[in-house]
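Please read the structure below before turning to the comments.
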Amino acid sequence: MTSDKSFYEFISNGVPGPEQKVDADNAILPARKLAFSRFKELGLPTIKTEEWRYTNIQRYLKDAFTLAQEEQGTVTAEQLKAASIPHLDSYRAVLVNGRLQADLSVLPSGGKITVSKLSDAAGNPQLQAWFDKHPHLQSQPFAALNAALFADGLFIEAGTNATLDKPLHIIHVYTASTNAFIQPRHLVVLHKSATLEVIESAVGINDNAITFVNAVTEVVLEENAELWHYNIQNTVKNSRHIHNTSATQKADSRYHHFNFTLPSAELTRNNLSVALTGSNTETNLHGLYLATGTQHVDNHTFVDHLVPNCNSNELYKGVLLDDANGVFTGRIHVNVDAQKTNAFQQNNNLLMSEKANINSQPQLEIFADDVKCSHGFTVGRFSDEALFYLRSRGIGAEAAKSLLVNAFAFDITDQVHIPALQDFLAEKIRQYVAGAINN
Amino acid sequence: MLTIKNLHAEVDGKQILKGINLEIRKGEMHAIMGPNGSGKSSLSSVLAGRENYTVTQGEVIFEGKNLLDMSPEDRAREGLFMAFQYPVEIPGVSNLHFLKTALNEIRTYHGLPAMESKEFLKLTKEKQQLVDFNANLMNRSLNEGFSGGEKKRNEVFQLAMLDPKLAILDETDSGLDIDALRIVAAGVNKLRSADKAFMVITHYQRLLEYIVPDFVHVLYNGQIVKTGTKELALELEEKGYDWLKEEVHQKESV
């Protein structure tokens, strides 16, 4: 399935439904069909759509793309090494163009934790129970498109009380040699009292063609489960990303989500949403975005407090250079029954050039009366005085800026509980600042 | 060590320094005094390389090199240190990490390898004692939430760690109570040596009771209008600055 010219036109009007998919699995075909009709109903957003006001998606879909995923991309050991995180001791799941490659992966075995292709889990009752059911996905056209036409992805299931001795690192590799629209789909289910650490990172190994990734990750945390979920977005310039991550938290569960958007994808749109359906939960959403050139980074988050006694804490920080554009929309909904809710949100930005831009808006919808909620937004520039102070002690301009950006990012990176990942991020920040100065 | 010749500088188009001449040799302690707005802190800013100052005339030679051609970090690496009047708070940068970075950048500049952690910690302990600097502050963010006295002690502690050839103390005494002043002054006195020089900028004579200068210069209206020894400071304390201002104006009208 290839669009001749504008992909926007093609998926608005010409794209065939899921019944055309030869590899469509019968078990979820009805759900796919439903999603497809929902997609047709919703239509693609324009800048008149409130949720997409600051992100003109048409601009990024005007090129031609192939909708089919390449069956096999070839990935060399060297390329894989480039995508890895130095000194990280972890299991590894390598996905090439959205498909799990067992030969490149090192998966946990023999325990209560399953990591498999989503297509291999089609008969699993968990998939039947959760696939495309998250309430927040229902109004997202790109999530509907993904549900209707996705090719494959990961299924991760952790049994009751299951835990892993080290994190699971998911490496997404994109190899398309012609423009491709790739739709991975993942489902992560943690049963009662299970804990897991997941790191996702991405690498593009072909910058001659444009890769558009429209991914959906559904997360289910059963009672007292805990998930540390680190998402590192660090692909090549010629890539565009829409990531929908939707979590459901049952009672006493803890979800720690980190989003690191690093150079240099042209477009990154993250829709991160959490539905709190059981009480006494904890939700920590941390985001750091470093954008340069003409990068556009849009974070939409939604924390849905449906029941009493839940705690959510959100901190997003951005450092923007050159002509980079940032968008942050943080929605917090507190249901009328959700008394004793604690919901905090903060978005801080550091603009390092005259032309960089940020649009930030908190959306607080509070219908309960016994709650503690706050939000805040700041935008600032580098403190020249701080920079001078560091330089006057012999620290070069570049190292001084790097120190200051690291310091700005500190309350995010400090929450990362994996030292190798902390070091990796510090190094990325250093490279980012060095690149900024050399430009 | 430092030769300032006919130094003129402006900030935001306003002339602040109007022809400073000063010679500082190894081992000397110079005090710069003067009323508010006379250009004392501007002089230290120009020497340290603060970017909003523009030098319009004159030159500054430091250890045979043109200081004004150097970036602020290179001035520091060449051995110039300024203790700030208002030390900056930098949340997220730990004191220890900051000092280690500074020390190693200076070492790299001189072709030396980075200092081993063990050696660095030993040096840190030794210098902390010099200014009675609380070890608990080492792992805290740089100056964040420090009291006025702790910030000033931290400046002198950094001075001790980085071991410069010439140290400028910009109103290090301001805002200090007498006990803190004594500690800071004692620290500075211990750092005095035959191959180091100091320039102490102060508004009050009080500091000079503890740090005894070899020379006292009075800055007024962007120029050094009088130079003397420590007795000059006492005279200023007693009579204030007005008599000097009058003397200058009389000279001008003649």
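For B:SER94, are the conditions met, namely being in contact (Cβ under 8 Å) with a residue 40 or more places away in the chain, surrounded by fewer than 21 Cβ atoms within 10 Å (Cβ to Cβ), at the interface with chain A (Cβ under 10 Å from one of its Cβ atoms) and of a type in the set (S, T, N, Q)? Spelling it out, B:SER94 is indeed in contact (Cβ under 8 Å) with a residue 40 or more places away in the chain, surrounded by fewer than 21 Cβ atoms within 10 Å (Cβ to Cβ), at the interface with chain A (Cβ under 10 Å from one of its Cβ atoms) and of a type in the set (S, T, N, Q).
Just one of the listed residues (A:ALA202, A:ALA194, A:ALA209) is open to solvent by less than 10 Å² (accessible area, probe 1.4 Å), modelled with pLDDT under 95 and of a type in the set (A, V, I, L, M), and it is A:ALA209. Among the conditions (1) open to solvent by less than 40 Å² (accessible area, probe 1.4 Å); (2) within 22 Å of the chain's Cα centre (by Cα), A:GLN363 misses just one, which is (1). Scanning the stretch B:52-67 for residues that are surrounded by fewer than 17 Cβ atoms within 10 Å (Cβ to Cβ) and over 22 Å from B:LYS196 (Cβ atoms) yields B:ASN52, B:THR54, B:VAL55, B:THR56, B:GLN57, B:GLU59. Comparison of B:MET70, B:MET82 shows that the only residue that is surrounded by fewer than 19 Cβ atoms within 10 Å (Cβ to Cβ), within 14 Å of chain A (Cβ to nearest Cβ) and modelled with pLDDT of 95 or more is B:MET70. Quick check: is even one residue across the stretch A:331-339 within 14 Å of chain B (Cβ to nearest Cβ) and open to solvent by less than 20 Å² (accessible area, probe 1.4 Å)? No, the stretch A:331-339 has no match at all. Among the residues of the stretch B:119-141, some residue qualifies, meaning at least one is within 22 Å of A:GLU385 (Cα to Cα), facing another protein chain (nearest Cβ under 10 Å) and open to solvent by less than 50 Å² (accessible area, probe 1.4 Å). For B:GLY111, the conditions (1) on the phi > 0 side of the Ramachandran plot; (2) open to solvent by 40 Å² or more (accessible area, probe 1.4 Å); (3) touching a Lys or Arg at 6+ places or on another chain (Cβ under 9 Å) all hold with the exception of (3). Checked against the criterion of being open to solvent by less than 10 Å² (accessible area, probe 1.4 Å) and within 14 Å of chain A (Cβ to nearest Cβ), the candidates B:LEU17, B:LEU43, B:LEU47 yield just one match: B:LEU47. Residues that are assigned to a loop (DSSP other than H, G, I, E, B) and either open to solvent by 60 Å² or more (accessible area, probe 1.4 Å) or farther than 27 Å from A:GLU19 by Cβ (or both) within the stretch A:103-124 comprise A:SER105, A:LEU107, A:PRO108, A:SER109, A:GLY110, A:GLY111, A:LYS112, A:GLY123, listed in sequence order.
Of all residues in the stretch A:228-280, those satisfying the criterion of being more than 17 Å from A:TYR174 (Cα to Cα) and aliphatic (A, V, I, L, M) are A:ALA247, A:ALA251, A:LEU272, A:VAL274, A:ALA275, A:LEU276. Just so you know, in the stretch A:141-166 the residues that are within 23 Å of A:HIS256 (Cα to Cα) and open to solvent by 10 Å² or more (accessible area, probe 1.4 Å) include one that is nearest to the chain's Cα centre (by Cα), and it is A:GLU157.
With respect to (1) in contact with a Pro (Cβ under 7 Å, 6 or more places away or on another chain); (2) assigned to a loop (DSSP other than H, G, I, E, B), the lone exception for B:VAL200 is condition (2). Pull up the stretch B:20-40, narrow it to residues that are buried (at least 21 other Cβ atoms within 10 Å of the Cβ) and of a type outside the set (A, V, I, L, M), then point me to the one that is nearest to B:GLY64 (Cα to Cα). Among those that are buried (at least 21 other Cβ atoms within 10 Å of the Cβ) and of a type outside the set (A, V, I, L, M), it is B:HIS30. Exactly one residue out of A:LEU127, A:LEU95, A:LEU80, A:LEU100 is open to solvent by less than 10 Å² (accessible area, probe 1.4 Å) and farther than 20 Å from A:ALA194 by Cβ, and it is A:LEU95. Just checking, does the stretch A:370-378 include any residue being outside any strand (DSSP E or B), open to solvent by 30 Å² or more (accessible area, probe 1.4 Å) and at negative phi? Yes, the stretch A:370-378 contains a residue that is outside any strand (DSSP E or B), open to solvent by 30 Å² or more (accessible area, probe 1.4 Å) and at negative phi. Against the definition (more than 19 Å from the chain's Cα centre (by Cα) and over 18 Å from A:ASN97 (Cβ atoms)), how does A:ALA176 come out, yes or no? Against the criterion (more than 19 Å from the chain's Cα centre (by Cα) and over 18 Å from A:ASN97 (Cβ atoms)), A:ALA176 does not qualify. Exactly one residue among A:PHE424, A:PHE388 is within 25 Å of B:THR108 (Cβ to Cβ), surrounded by 17 or more Cβ atoms within 10 Å (Cβ to Cβ), hydrophobic (A, V, I, L, M, F, W, C) and more than 14 Å from chain B (Cβ to nearest Cβ), and that residue is A:PHE424. Here is the figure for the stretch A:45-72: residues that are acidic (Asp, Glu), surrounded by fewer than 17 Cβ atoms within 10 Å (Cβ to Cβ) and either modelled with pLDDT under 90 or not assigned by TED's automatic domain parsing to the domain that holds A:ASN238 (or both) total 1.
Of the residues making up the stretch A:362-380, one or more are within 14 Å of chain B (Cβ to nearest Cβ) and at pLDDT below 95. Residues that are aliphatic (A, V, I, L, M), assigned to a helix (DSSP H, G or I) and over 24 Å from the mean Cα position of the chain (by Cα) within the stretch B:91-134 comprise just one, B:LEU121.
With respect to the conditions (1) within 10 Å of chain B (Cβ to nearest Cβ); (2) touching a Gly at 6+ places or on another chain (Cβ under 6 Å), A:ASN349 falls short on a single one, namely (1). When the test is whether a residue is among the charged types (D, E, K, R), touching a helix residue (DSSP H, G or I) at 6+ places or on another chain (Cβ under 8 Å) and more than 14 Å from chain A (Cβ to nearest Cβ), B:GLU59 passes it.
For B:LYS251, indicate whether it is outside any helix (DSSP H, G or I), surrounded by fewer than 20 Cβ atoms within 10 Å (Cβ to Cβ), without any contact (Cβ under 8 Å) to a residue 40 or more places away in the chain and not aromatic (Phe, Trp, Tyr). For B:LYS251, the condition - outside any helix (DSSP H, G or I), surrounded by fewer than 20 Cβ atoms within 10 Å (Cβ to Cβ), without any contact (Cβ under 8 Å) to a residue 40 or more places away in the chain and not aromatic (Phe, Trp, Tyr) - is not met.
Selection of the stretch A:250-275 for residues being without any contact (Cβ under 8 Å) to a residue 40 or more places away in the chain and assigned to a strand (DSSP E or B) yields A:ARG254, A:TYR255, A:HIS257, A:THR261, A:THR268, A:ASN270, A:LEU272, A:VAL274. Remark: pairs (first residue in the stretch A:345-368, on the phi > 0 side of the Ramachandran plot; second residue assigned to a loop (DSSP other than H, G, I, E, B); Cβ separation under 6 Å; 6+ apart in sequence or on different chains) are absent.
For beta carbons closer than 6 Å, sequence separation of 6+ or different chains, a first residue in the stretch A:400-411 that is facing chain B (nearest Cβ under 7 Å) and a second that is of a type in the set (Lys, Arg), there are no qualifying pairs. Which of the residues belonging to the stretch B:148-177 are open to solvent by 20 Å² or more (accessible area, probe 1.4 Å), in a helix (DSSP H, G or I) and in contact (Cβ under 8 Å) with a residue 60 or more places away in the chain? Within the stretch B:148-177, B:LYS151, B:LEU162 meet the criteria.
The values are calculated or read from the model by the stated rules, or taken from the named source; none is laboratory data. None of these values were measured; they are calculated from a predicted model. Here the Cβ is made from the backbone with ideal geometry for all residues, glycine too, and neighbour counts use every protein chain on show. We work out accessible area using only protein heavy atoms, side chains counted, and drop any ligands, DNA or RNA first. Shrake-Rupley method; radii C 1.70, N 1.55, O 1.52, S 1.80 Å.
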